[in-house]
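Novice: Below you will find the structure I want to go over with you.
The values are calculated or read from the model by the stated rules, or taken from the named source; none is laboratory data. None of the values given here were measured: they were computed from a predicted structure. Counting neighbours? That spans all protein chains shown, and the Cβs are built from the backbone with ideal geometry, glycine included. All accessible areas refer to the heavy atoms of the entire protein, side chains included, with ligands and DNA or RNA removed. Shrake-Rupley method; radii C 1.70, N 1.55, O 1.52, S 1.80 Å.
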Protein chains: 2
Amino acid sequence: MLNSVVKTLQVGLVQQSCTADLAANLAKSIAQIRIAAQQGAKLVVLQELHRGLYFCQQEMAEHFDLAETIPGPSTQVLGALAQELDIVIVASLFEKRAVGLHHNTAVVIECDGTIAGKYRKMHIPDDPGYYEKFYFTPGDLGFQPIQTSVGKLGILVCWDQWFPEAARLMAMAGAELLIYPTAIGWAPDEDADEKVRQRDAWVTVQRAHAIANGLPVISVNRVGHEADPAGGVGLDFWGSSFVTGPQGEFLFSASVDQEETKVVTVDLQRSEQVRRMWPYLRDRRIDHYGELIKIYRD
Amino acid sequence: MLNSVVKTLQVGLVQQSCTADLAANLAKSIAQIRIAAQQGAKLVVLQELHRGLYFCQQEMAEHFDLAETIPGPSTQVLGALAQELDIVIVASLFEKRAVGLHHNTAVVIECDGTIAGKYRKMHIPDDPGYYEKFYFTPGDLGFQPIQTSVGKLGILVCWDQWFPEAARLMAMAGAELLIYPTAIGWAPDEDADEKVRQRDAWVTVQRAHAIANGLPVISVNRVGHEADPAGGVGLDFWGSSFVTGPQGEFLFSASVDQEETKVVTVDLQRSEQVRRMWPYLRDRRIDHYGELIKIYRD
C-alpha cells in the first residue's frame, strides 16, 4: 500500500519550575533535555519563557533586560546541545528584535544546531497577573508551520491555545503536530471549583484542536509557585503538560505540582487513518466563512 | 450596576429513541415536551430528525417520502403545542424545499406558535452509515442565530459540531447559546476503546466551543439501536446529551443508553463574567485569518 508507512516520533516534554537565576534555569533545562534524549526523544519541547520567572505578573520596565536576540545566547547554547544530542529542540524566548520592540517567540532548533524557524506569539493576553501586552508586540510571522527533520511542526504559544483559528490555520498549512509551550496557572486565592474549571477548560480546548484537525497535540506548561514582585498573591503554575493523539485521546498527562521530564511515543501516521473517517477538512464551508475575518458580525 | 441583570433560562432536553412509526415518535416527543414544560422549561430542544429512524444508514430513494415542507405538518403540530405551553421549541426536520431539493433543517418555534427562524445544516457528513450527502443539500442560510423571546439561539446540527468555524460565527453574530440537535452513534462492532475515543471526542469538541466562545452549549442526541435496512450491523446511538456553561463546565450529562427528559437551569448572564476574564473576542488576529476561507493552504 502506498500509505502504510510507519512514522512514530519520540517526543520529550520538560515541565519545570524556574527561579530568578537565569543560568540555573537553563542548566536545569539542559539536564532534562539530556535525560529526554537518553530516553530516546528526537524532539524535546520546553515550556514558555523557560529562561526565567514569568515576569509578566507586573509591568516593570527593567524586565526588558531579560530579552535577548534570536539568534543569541540561548539559541547558541541550545543549538550546540541539539547538535551534540542529534535532536530537535523547541525553545521559548523573550525576543529583543529592536530597541523597544520585543516578542514572545518560540524557536525551533534543528538537530544540526541551526535555527529551523521561529514563531512569534500571535495572540497576546492581558489580564491581572498576565500583563503581556506591555512586553510583547503581537507576532507578524503569521501561522506558519516549521519544517524540521522530525516533521512539520505547528508551533503556537500559550494564549494562542484558546483560538481555534490558529490551530486550523496550522493544520491547513500541513502541520503534522500542534505544539504549545505554555505558562498558565492559578491565582492561589481563587476558589477551588474555579480552579478545576480553569484547568479543565485549558486541557479541553487544546484536546479539541487535536480532534477538529486530526492532529496530535503537545502542550508543555510551567509548574510551581512564583511570587508577585508587587506583593500580591503570585501565581501557582499548574503543570499538567500533556500529549494527545489525533482524536484528542490522552497519551500522557503530567502532574499539577511536580517537575517532570517525559518521553512519549506519538504515531504521526494515525492522522491518516483518523482523517479518512472524520474528514473535516473535506467539508469546510468556505463559501460561508468570510466573516471570520471580522472582529464581530454587527 | 448596569450589567447586574439576572438572566437564567430553564432548558429542556428530550433524548429519545425512534421507530418507523412517525406518529408514535411525534407523540412521544410531545409527551416529553409536556413533561419538560411542566417542570418549568421555557425552551425545549429535540434531537436531530426526531420524526423517524435515522434513515441515512443507506442511500434509498424512497426515504425522500419522509421529507416535509416548512411550514408543514410537523411545524403545525409543534406550533400549536408551543403556543399552548408558552415555550420555545427547537425541532429538527427533513425539509422538502422543492422536488429533488432537500435539507436537514432545524426549526425554532416561538411561544406564540409562529416560526422564529430556521437553520439549514451547513456541514453535511458522508461516511459509512451516515450517507447524508445523498439526502441533504448543504444549507444556504449561513450561520445566523435566531432571535427568540428566550434569547438569541445559535442553532447548529450534528456534523457542524466538529467545525469551530461554525461555533465562532454564531458567537460573533451574538448567539447567547449554542444548540446542537444530533444523531450520532457507534457501529456496534467497533472495538471498545475506539467507542470511548469517539464519544469522548464528540463531547470534548463541543465543550471546547463553549470555552472558546464563552457561551453555554446544549447538545441533544438520539439514543438506542437502529437496524441497518441493508442487513448491516446498524447503529447504536450513544445518547449522552449534555449542557455546559461558558467555561465548558458540565451542568448536565445524560446516559448513553436510556431515554431521558431533563430540565436544566442555564445562567445566561455568566457569559458576561467569563468573557471579561477570558476575552478571546478581544484578541483575535483577523489580520492573519484571511486564509481560513481557503480549502487548504498549499
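Novice: Would you mind working out the magnitude of the charge dipole of the stretch A:60-110 relative to its Cα centre, with +1 at each Lys and Arg C-beta and -1 at each Asp and Glu C-beta, to the nearest 20 Debye? List each step's numbers first, then the result.
Specialist: Values: 2 positive and 7 negative charges, 37 e Å.
Result for the stretch A:60-110 is approximately 180 debye, rounded to the nearest 20.
Novice: Specify the inter-centroid distance of the stretch A:60-80 and the stretch A:219-298, based on alpha-carbon positions, in whole Å.
Specialist: The stretch A:60-80 and the stretch A:219-298 have Cα centres spaced 26 Å from each other.
Novice: Go ahead and set up a Gaussian network model of chain A, Cα springs under 10 Å, then flag whichever of A:G100, A:G231, A:G245 fluctuates most.
Specialist: A:G231
Novice: How far is it, in nm, from the label point at B:D257 to the one at B:D127 when both lie 7 Å from their Cα along the line to the Cβ?
Specialist: Distance between the two pseudo-spin positions: 2.3 nm.
Novice: How would the stretch B:86-212 be classified by its alpha-carbon gyration tensor: rounded, prolate or oblate, with rounded meaning a/c under 1.5 and the a/b versus b/c comparison settling the rest? Spell out each step's value before the answer.
Specialist: Numbers: a/c = 1.94, a/b = 1.32, b/c = 1.48.
It is oblate, given that a/c is not under 1.5 and a/b is not larger than b/c.
Novice: Looking only at the stretch B:8-293, where both bridge partners belong to it, what percent of the DSSP beta bridges are antiparallel (to the nearest 5)? Walk me through the numbers before you get to the answer.
Specialist: Details: 38 of 54 bridges.
Antiparallel: roughly 70 percent of the beta bridges in the stretch B:8-293.
Novice: Here is a follow-up. Calculate the FRET efficiency for A:T8 and A:L141 from the Cβ-Cβ distance with a Förster distance of 41 Å, rounded to the nearest 0.05. Walk me through the intermediate numbers first.
Specialist: Working: r = 29 Å, r/R0 = 0.71.
Calculated transfer efficiency: 0.90.
Novice: Got the B:M60 label distances to the other copies yet, label 7 Å along Cα→Cβ, in nm, shortest first?
Specialist: When each copy's label point is compared with this one, the spacings are 7.3 nm.
Novice: What is the stretch A:210-298's relative contact order, in percent, from Cα pairs under 8 angstrom and six or more apart in sequence? Before the final figure, lay out the partial values.
Specialist: Values: 126 pairs, mean separation 23.1, N = 89.
Reported as a whole number, the value is 26 percent.
Novice: Once a ≥ b ≥ c are taken as the square roots of the eigenvalues of the Cα gyration tensor of the stretch A:183-298, is the result rounded (a/c under 1.5), prolate (a/b larger than b/c) or oblate (a/b not larger than b/c)? Mind dumping the intermediate values first?
Specialist: Working: a/c = 3.11, a/b = 1.46, b/c = 2.14.
Since a/c reaches 1.5 but b/c is at least a/b, the shape of the stretch A:183-298 is classed as oblate.
Novice: Specify whether the C-alpha gyration tensor of the stretch A:1-144 places it in the rounded, prolate or oblate class, a ≥ b ≥ c being the square roots of the eigenvalues: rounded for a/c under 1.5, otherwise prolate if a/b is larger than b/c and oblate if not.
Specialist: Details: a/c = 1.98, a/b = 1.56, b/c = 1.27.
In terms of gyration-tensor shape, prolate.
Novice: Rounded to the nearest Å, what's the spacing between the alpha carbon centres of the stretch B:154-178 and the stretch A:113-160? Just the number, please.
Specialist: 27
Novice: I'd like the carbon and sulfur percentage of the solvent accessible area for chain B, probe radius 1.4 Å, heavy atoms only, ligands and nucleic acids excluded.
Specialist: Details: 5780 of 10620 Å².
Ligands and nucleic acids excluded, carbon and sulfur give 54 percent.
Novice: Am I reading the A/B interface right? What is its buried accessible area, both sides, 1.4 Å probe, to the nearest 100 Å²?
Specialist: Working: alone 13480 and 13440 Å², together 21290 Å².
Adding both sides of the contact gives about 5600 Å².
Novice: Same structure again: What accessible area per residue, rounded to a whole number of Å², is obtained for the stretch A:8-293 using a probe radius of 1.4 Å?
Specialist: Values: 9450 Å² over 286 residues.
Each residue of the stretch A:8-293 exposes 33 Å² on average to a 1.4 Å probe.
Novice: Another one. So what is the diffusion coefficient of the protein assembly as shown in µm² per second by Stokes-Einstein at 4 °C and 1.567 mPa s, using a Kirkwood Rh over Cα pairs?
Specialist: My calculation gives 52 µm²/s for D.
Novice: May I pose another question? Of B:V274, B:V77, B:A175, whose Cα points farthest to the positive end of the dipole of chain B (charges on the beta-carbon: +1 Lys, Arg; -1 Asp, Glu; origin at the Cα centre)?
Specialist: B:V274
Novice: Which whole number gives the average count of other chain Cβ atoms within 10 Å of the Cβ atoms across peptide A:209-215? If you can, show how the numbers build up before the last one.
Specialist: Numbers: counts 4, 3, 10, 10, 2, 0, 0.
Rounded to a whole number, the mean comes out at 4.
Novice: Sum -39500 (n - 2.57) across every DSSP H segment of at least 4 residues in the protein assembly as shown, then divide by the residue count to get the 222 nm mean residue ellipticity, nearest 500.
Specialist: -8000 deg cm²/dmol
Novice: May I pose another question? Compute the relative contact order of the stretch B:20-140 as a whole-number percentage, counting only Cα pairs closer than 8 Å that sit 6 or more residues apart in sequence.
Specialist: 24
Novice: Check cross-link reach from A:K96 to the lysines: straight Cα distance under 22 Å, and skip same-chain residues fewer than eight apart.
Specialist: A:K118, A:K121, A:K133
Novice: I want to verify the translational diffusion coefficient of the stretch B:8-293 in µm²/s; compute it with Stokes-Einstein, Rh as the Kirkwood radius over Cα pairs, at 10 °C and 1.306 mPa s. Please report the intermediate quantities before stating the final value.
Specialist: On the way: Rh = 18.9 Å.
In µm²/s, the coefficient rounds to 84.
Novice: Most mobile of B:Q32, B:Q47, B:Q76 per a Gaussian network model of chain B (Cα springs, under 10 Å)?
Specialist: Of the options given, B:Q76 has the highest mean-square fluctuation.
Novice: Distances from B:Q83 to the same position in the other copies: list them in nm, one decimal, shortest first, using label points 7 Å from Cα along Cα→Cβ.
Specialist: Computed spacing set for this position: 8.2 nm.
Novice: Here's a follow-up. Anyone know which of B:R199, B:R120, B:R284 comes out most mobile in the 10 Å Cα GNM of chain B?
Specialist: Ranking B:R199, B:R120, B:R284 by mean-square fluctuation puts B:R284 first.
Novice: What number, in percent, do you get for the relative contact order of chain B if the mean sequence gap of Cα pairs under 8 Å and at least 6 apart is divided by its residue count?
Specialist: Working: 662 pairs, mean separation 56.8, N = 298.
In percent, rounded to a whole number, it is 19.
Novice: OK, next. Let me check something: with ligands and nucleic acids excluded, how do B:E84, B:E110 order by accessible area (1.4 Å probe), largest to smallest?
Specialist: Numbers: B:E84 110, B:E110 25 Å².
Per-residue accessible area, sorted high to low, gives B:E84, B:E110.
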